[in-house]
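Here's the structure, in structure tokens; my notes come after.
The values are calculated or read from the model by the stated rules, or taken from the named source; none is laboratory data. Bear in mind the structure is a predicted one, so any value in this text is a computation, not a measurement. In this analysis, Cβ positions are derived from the backbone assuming ideal geometry, glycine residues included, and neighbour counts consider all displayed protein chains. Keep in mind that these areas ignore ligands, DNA and RNA; they rest on the heavy atoms of the full protein, side chains included. Shrake-Rupley method; radii C 1.70, N 1.55, O 1.52, S 1.80 Å.
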Amino acid sequence: MPIKIQAVTNAFFNANTYIIKSSSNDNACYLIDIGNYDGVMNELKNNQSIKGIFITHAHYDHISGINEITSHFPECIVYCSLYTKEALADSKINLSFYLQKPTVFKSDKIRVVKEQDTIELFANQFVEIWETPGHNEGCLSFKIDQAIFTGDTLIPNVPVVTKLKSGSKEDAKKSIILIQNNVSLNDIIYPGHGKSFEATKINWDFYH
């Protein structure tokens, strides 16, 4: 059965949090990023809980609700890169310090993931991990069925921002190529900002 994807946007940052649900399991839900705690909670039914959060990268607009959501769902596991794990514990690296909203997250529920790892979400439904640095060192993208969640690595018709801490233009180009080489005909891109779009309609030359 296909997954169900619901976008919840943080209006201030225009950053997307994606709620992942299964047609065969109404209780368990997962998140891609957590930049809107209230928005997520408003969309959950009483019987639903967040089992895990997949963090594309640790910039504040994508993690601002992490402490609230993990406090509400204490068994929730956070999946991220090693760099992102370090950034979650440092308000200057995750940039929340500079926004006067210092956010620090330290937990034994963090699981570090790497390129080509796969994690089962629901019965026979897996998330595949892609390492896509460039926007910052710890960026990950996630593929579930025909949905690809790219965070700030790939946003439609927007150049990759590489001027922040640990950003790299060279890595960003390599990450775009990795995504380009791994997309299939019917894949849909779900970016960290803006609306989803068909992978076949991407102007790849724009990013090279």
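Build a GNM of the chain with springs between Cα atoms under 10 Å apart, and of Thr118, Thr150, Thr132 the one that fluctuates most is Thr118. One compactness figure for the chain is 0.94, namely its Cα radius of gyration divided by 2.2 N^0.38 Å. Each residue, Ser23 and Asp38, gets one label point 7 Å from its Cα in the Cβ direction; the gap between the two is 3.4 nm. Surface listing: Leu82, Leu178 arranged by accessible area from highest to lowest gives Leu82, Leu178, probe 1.4 Å. Across all C-alpha atoms in region 139-208, the radius of gyration and Dmax reach 11.3, 34 Å. A simple spin-label model places pseudo-atoms 7 Å from Cα toward Cβ; at Asp205 and Ala7 they are separated by 2.6 nm.
If Rh is defined by the Kirkwood formula over all Cα pairs and Rg also comes from Cα, what ratio Rg/Rh do you get for region 110-168?
Taking Rg over the Kirkwood Rh, I get 1.03.
Ellipticity at 222 nm from helices only: DSSP H runs of n ≥ 4 in the chain, each -39500 (n - 2.57), divided by the residue count, give -5000 deg cm²/dmol.
Surface analysis of region 1-99 yields an accessible area of 42 Å² per residue, using protein heavy atoms and a 1.4 Å probe. If R0 is 25 Å, the Cβ-Cβ spacing of Lys173 and Glu115 corresponds to a FRET efficiency of close to 0.90.
Mean projection of the alpha-carbon convex hull of region 46-102 over all orientations, in nm²?
4.1 nm²
Looking at region 81-189, the trypsin sites (Lys or Arg not before Pro) that sit in a DSSP loop and have at most 16 other Cβ atoms within 10 Å of their own Cβ are Lys92, Lys106, Lys109, Lys114, Lys163, Lys165.
The Cβ shell under 12 Å around Phe13 holds other residues with a net charge of -2, Lys and Arg each +1, Asp and Glu each -1.
Taking the 1.4 Å solvent-accessible surface of region 78-149 as the whole, the part contributed by carbon and sulfur is 47%.
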